Amino acid sequence: MAITAIRTAIIYIFLIAALRITGKRQLGELQPIELVVTLLISDLASVPMQESGAPLLSGLIPIAVLVSLELILSALMMKSNTLSTIISGNPIVVIQNGKLSQKALRKLRLTVEDLMETLRQQDVFDLREVQYAIAETNGKISVFKVKKPPQTSAAVPVVNDGKLVQWGMEMTGVTEQWISTTLQKHGCPLSEALLLTADDQHHAYLIRKGENKT
Amino acid sequence: MKRVVVAIVLLLLVCVGCVVSITAQRAVLDDLTSQTHAMETLFKNGDIPGAVAVAEAFAADYTHSTRYFALFLPHNILSDIEKSVVSLPAILEHGEHKDFVAEVYRCRLLLQNLQKLELPTLQNIL
């Protein structure tokens, strides 16, 4: 038991040193590769803690190698933009001047509903409120809003990828009949509608599939 | 920049540690293997007290070496070999002599396997 306690203390001190060397970046700012390395380190550290039959170095050496490679890679990424692009990718514009880039969404493997959810978390309830929305390399979406008077009601999806969104219909009070009429007015069948939003005043905003392929 | 230097130093230390451990392991295991040959020869020549002395020295050497091996080798493998090593003087002094050669052979094979275990060969890496 004493051995396990001492080994745990040694690993704890080693982990503090290792994390101190890697720097002060916060969890929310981690790139995907950094997140994976952090998870790997925690997993590696737990093995020699639990198994006193495994050499302590079998946990410490992989951690030291991972931390070193991570540091060297991040230093190289600072020197080379190409390497940085290969490892972390580039930010991608998903909305520009209120227009959704379906190509960007496909590239990011992001659904319209995922995007709308992220926008709502940033107090954006209507795509037209967005000047720019950019998917950052760490997976977050940055939003720059259009300057205009505050809206009185929120626009929520009532059709998403050709399917009716029940909660959106209930929230805005629109009916299937209204959706059908609105789509007919735009000459767009339901299956061709990527996103149709509506607000309390039943103002519609439609994006067809394949529209704004930028 | 300091962090990168620390990272490079860490990697170099790991590389040096790998080379030192493999070299030391090879030297110690070569020595231990030659001791198994020596005790087998003495036994076959009928020099039982001489074989007992070598077997006891062999067991002591193994225990001393594994103190360092335990830093980087799996403890269960070292423990398996130790069981065979410590049984050799006991077999000579109190057991059936006919089992001795087989046990020495087994012990030698385990040592040879241990020697190959940490080598960075493609087979071991994969």
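The values are calculated or read from the model by the stated rules, or taken from the named source; none is laboratory data. Worth saying up front: this structure is predicted, and the values here are computed from it rather than measured. Methodologically, a virtual Cβ is constructed for each residue, glycine included, from the backbone with ideal geometry; neighbour enumeration extends over all protein chains shown.
Among the numbered criteria (1) over 23 Å from A:ILE141 (Cα atoms); (2) touching a helix residue (DSSP H, G or I) at 6+ places or on another chain (Cβ under 8 Å); (3) modelled with pLDDT under 85, which single criterion is violated by A:LEU30? A:LEU30 satisfies every listed condition except (1). Note on segment B:60-70: among residues that are within 14 Å of chain A (Cβ to nearest Cβ) and either at positive phi or surrounded by 14 or more Cβ atoms within 10 Å (Cβ to Cβ) (or both), the one that is farthest from the chain's Cα centre (by Cα) is B:ALA70.
With respect to the conditions (1) modelled with pLDDT of 80 or more; (2) at the interface with chain B (Cβ under 10 Å from one of its Cβ atoms); (3) within 30 Å of A:TYR132 (Cβ to Cβ), A:ILE61 lacks only one, and its number is (3). Close contacts from segment A:194-212, counting a first residue that is crowded, with 16+ Cβ neighbours inside 10 Å and of a type in the set (S, T, N, Q) and a second that is part of a loop (DSSP other than H, G, I, E, B) and at pLDDT below 85, with Cβ to Cβ under 8 Å and a gap of 6+ residues or different chains, come to A:THR197/A:ASP126; A:THR197/A:ALA155.
In segment B:19-74, the residue that is nearest to B:LEU109 (Cα to Cα) out of those that are in contact with a helix residue (DSSP H, G or I) (Cβ under 9 Å, 6 or more places away or on another chain) and basic (Lys, Arg) is B:ARG26.
A quick yes/no check of all residues on (1) touching a residue at least 40 places away in the same chain (Cβ under 8 Å); (2) hydrophobic (A, V, I, L, M, F, W, C); (3) under 23 Å from B:LEU11 (Cβ atoms):
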position: A:SER52; (1), (2), (3): yes, no, no
position: A:ILE61; (1), (2), (3): no, yes, yes
position: A:ALA64; (1), (2), (3): yes, yes, yes
position: A:ALA75; (1), (2), (3): no, yes, yes
position: A:ASN81; (1), (2), (3): no, no, no
position: A:SER84; (1), (2), (3): no, no, yes
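In the condition set (1) closer than 30 Å to A:SER84 by Cα; (2) among the acidic types (Asp, Glu); (3) exposed (fewer than 15 other Cβ atoms within 10 Å of the Cβ), A:ASP161 is compliant with all but (1).
Looking only at residues in segment B:71-86 that are within 13 Å of another protein chain (Cβ to nearest Cβ), aliphatic (A, V, I, L, M) and in a helix (DSSP H, G or I), the one that is surrounded by the fewest Cβ atoms within 10 Å (Cβ to Cβ) is B:ILE77. Checked against the criteria, A:ASP126 does not count as within 22 Å of the chain's Cα centre (by Cα) and farther than 19 Å from A:HIS203 by Cα. Please determine whether any residue of segment A:126-137 is at pLDDT 85 or above, part of a helix (DSSP H, G or I) and over 23 Å from A:THR85 (Cβ atoms). Looking through segment A:126-137, none of the residues is at pLDDT 85 or above, part of a helix (DSSP H, G or I) and over 23 Å from A:THR85 (Cβ atoms). Per this entry, B:GLY17 is not counted among residues that are over 30 Å from A:GLN50 (Cβ atoms) and either over 17 Å from the mean Cα position of the chain (by Cα) or within 14 Å of chain A (Cβ to nearest Cβ) (or both). Suppose the filter is modelled with pLDDT under 85 and under 25 Å from the mean Cα position of the chain (by Cα); does A:SER84 pass it? Taking the combined requirement at face value, the residue satisfies it.
Put simply, of A:LYS107, A:LYS79, A:LYS103 the only residue that is touching a strand residue (DSSP E or B) at 6+ places or on another chain (Cβ under 9 Å) and surrounded by fewer than 16 Cβ atoms within 10 Å (Cβ to Cβ) is A:LYS107.
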